[in-house]
1. Mind counting the residues in the range 84-104 that are open to solvent by 10 Å² or more (accessible area, probe 1.4 Å) and either touching a strand residue (DSSP E or B) at 6+ places or on another chain (Cβ under 8 Å) or part of a strand (DSSP E or B) (or both)?
2. So, in the range 161-207, exactly how many residues are crowded, with 20+ Cβ neighbours inside 10 Å, part of a loop (DSSP other than H, G, I, E, B) and either modelled with pLDDT of 80 or more or among the β-branched types (Val, Ile, Thr) (or both)?
3. Please go through the range 18-31 and pick out each residue that is over 13 Å from residue 507 (Cα atoms) and at pLDDT 70 or above.
4. Just a yes or no: is a residue in the range 284-304 of a type outside the set (S, T, N, Q) and closer than 30 Å to residue 595 by Cα?
5. For the range 547-568, what are the residues that are open to solvent by 50 Å² or more (accessible area, probe 1.4 Å) and free of Cβ contacts under 8 Å to residues at least 60 places away in the same chain?
6. Counting only residues that are over 28 Å from residue 529 (Cα atoms) and assigned to a loop (DSSP other than H, G, I, E, B), how many does the range 315-343 have?
7. Are any residues in the range 360-390 in contact (Cβ under 8 Å) with a residue 40 or more places away in the chain, assigned to a loop (DSSP other than H, G, I, E, B) and surrounded by fewer than 18 Cβ atoms within 10 Å (Cβ to Cβ), and if so, which ones?
Amino acid sequence: MIREILSGLLWQGRMALRSGDVRVFAAHGYVDEGYRPSRVPFFSVVGPLGLFPEPERENGRTGVATVRVPGHLLGRPRAASDSVPPGGSLKLRLDGRATVTLTGLPGGSFANTATGPSLVAAINAKLEDALTGGLFQEPTGAPLTDPLLLEALTAVTARWDVEGSRLALSSDAGIASMEFRSSVEVLPITGSIAGPLGLEPPERAQEGRAFLSKIRAPKAMAIDVQVDLWAGSQVDLASIMDTVALSIPTRGQMVLRPSLLAEDVPDGATQLRLLPRGEPTTLMSLAHLEASDQGLERARGGRVDLTPGASFLPASEGLRLSGTGTASVLVYPMPAVPDPFHADNPAPDGLALSVGLRVASGAVAAQTLPVAVLMSQAQPVLRLVVRYEQVGTRLMGEVVATATLSQGSGTQVAETRWRLASERLEAGVVLHARLEAGEGVVWLSADGMPQPLQDAEATPAPPVAAPGVTVAGSDMVLMLGAQTGTPLDFTVDHLHLVAEPVGPLDPALRRSVTAASRLKVGDVVVLGESEDGYRVGKRRFQALVLGLDGDAVTLSKPVEGVWARGRTLVFEEECFFFQTQLRRRDDLLNHLYRCCVDYRVSALMDEPNARPTARLVEKPQVDLIARGASRGASGHPGTSVTEVDTARRGTI
């Protein structure tokens, strides 16, 4: 829990302290008074400085949950001398009711390590084909049509135990409201390969069981932590303190293990997908795309229009553009009904564009790669292109950022150029362009590091300034690629357009989201509305993790309401914190300005894992007696008699 609290503070610092014209780095700090950060502005978290029990607080109650283990059948270990004849058959009875015959199964010797996995793959494929083809039958031979049972049979699976060299067949976990048990049986059939597979007679067969899992009462604890804010000037420190007062005030709430949705979640869904890495959508976001977004952007749910040559890659690998393919998004559309809060210019002081770019190999000198352009009334507000040129013995990709600003009755163009090695563009780089309208300069960063203006090779010419006001307006169009075509294919894994001249995010923020791979069955998942990406509103939904499959998380109950990917935070828990002390510790000799803020975080520390404590059913054995019939005092030990018309079918 303490680790999650420290990580939660780092998340909030990295996300919320992205304001002004500087980027704030964030990391775990040190208690050494002589420590000095290597770069400023810097945000560090030190702790825990103290642990305190809270006896006056309600710890919470113990609870129990029902855990179901499916019925299964484990075969005997297979030796290298064992083999299975090809073209064999296998007849199964699942849940004591559904029968299916699998034919044409492959064979082979178990001396070959690929035989077991290939048999398992064939059995799973045959089971899936039987389910989709309606080949499951009732014990009478009639086709199985029960929708609940058919849905349950989708969980039937075969697995190969590599360590034990044996086959395992597992049924579904069982549905409490159904009159069938969770079990796997092998039935005799001509040409059966149950014997060679070690399934006849089975080494171990067990029906589905239900267990009680005891959840212990959490312990109410308070943890003291210290936040150090470092800056190179009083002005920078004042700017940081402004955002600290808003995002990490004297008291508030903090989410732990934050995650981001990879797609919108509809009402009643039992699954949600999480981003493996990404950044939240903010209030000032004009357009936001992540690798998993298929046809919708995150800031307002607008449509992404693709032309031939542009496509979203599978497995959330990003947006691929080649040839004349383009991807365009409508930005800041004019409302259908006049709105007094709709400004004519959404970003008069400037804006920022961040693009995760990866260019295909094969570039040659004199090629021009159109990356992105924001157009307003046929004028380019901000444009990013890459021009390749030979610099000595190296091929360099010169990133050219141009912006149009209005001044008086005319317009002028600001331009900044930065040479990057072509290998760096091929490996993947996050380009960030910050247009500061007052200065009239486009400042560039790559992977969070600013452009080295003193490096003559990287920056052959200083930025061209053109002070003024951005020509942004309503109904702008952000386009990736160009209709005239691109000489090289390139992939964009994320894009974020912000209506203020903010610096780049700390690269650690995108990596610090909690991906689905870091969750486990039984974890708490909470969905909460968020407008700024780090604070959660009042609307919540809570469930448990029931299963994991890649980036998909199966929940223990259907989702209530609709949750938009760009306006939702997924997290595990929320902690209350309050400020206990604030003090200055400046180092004027080294021109370092430091402010230390102490917080006390109040949290409930839970057991990390649920514990199975009791098996509810060892062997089902129930005698039903009609109402009014005489009943004897004796019975099966540990069971009670229930009248027929008052029995709750399926409950344990």
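The values are calculated or read from the model by the stated rules, or taken from the named source; none is laboratory data. Computed from a predicted model, the values in this text were never measured in an experiment. Cβ placement follows ideal geometry from the backbone for every residue including glycine, while neighbour counts extend to all protein chains displayed. The protein model used for the area step is the full one, side chains on, heavy atoms only, and it has no ligands, DNA or RNA in it. Shrake-Rupley method; radii C 1.70, N 1.55, O 1.52, S 1.80 Å.
1. So the answer is 10.
2. Residues in the range 161-207 being crowded, with 20+ Cβ neighbours inside 10 Å, part of a loop (DSSP other than H, G, I, E, B) and either modelled with pLDDT of 80 or more or among the β-branched types (Val, Ile, Thr) (or both): 9 in total.
3. The initial filter retains those residues of the range 18-31 that are over 13 Å from residue 507 (Cα atoms), namely 19-22, 28-31.
Answer for the range 18-31, where residues must be over 13 Å from residue 507 (Cα atoms) and at pLDDT 70 or above: 28, 29.
4. Of all residues in the range 284-304, those of a type outside the set (S, T, N, Q) come to 284, 286-291, 293, 295-304.
With closer than 30 Å to residue 595 by Cα added as a condition, the list becomes 284.
Within the range 284-304 (the criterion being of a type outside the set (S, T, N, Q) and closer than 30 Å to residue 595 by Cα), the answer is yes, since at least one residue qualifies.
5. Within the range 547-568, 548, 549, 550, 556 qualify.
6. 3
7. Scanning the range 360-390 gives 360, 361, 362, 367, 377.
To keep it simple, each residue is scored yes or no on (1) open to solvent by 30 Å² or more (accessible area, probe 1.4 Å); (2) in a strand (DSSP E or B); (3) not aliphatic (A, V, I, L, M).
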site: 423; (1), (2), (3): yes, no, yes
site: 426; (1), (2), (3): yes, no, yes
site: 430; (1), (2), (3): yes, yes, no
site: 438; (1), (2), (3): yes, no, yes
site: 445; (1), (2), (3): no, yes, yes
site: 456; (1), (2), (3): yes, no, no
site: 466; (1), (2), (3): no, no, no
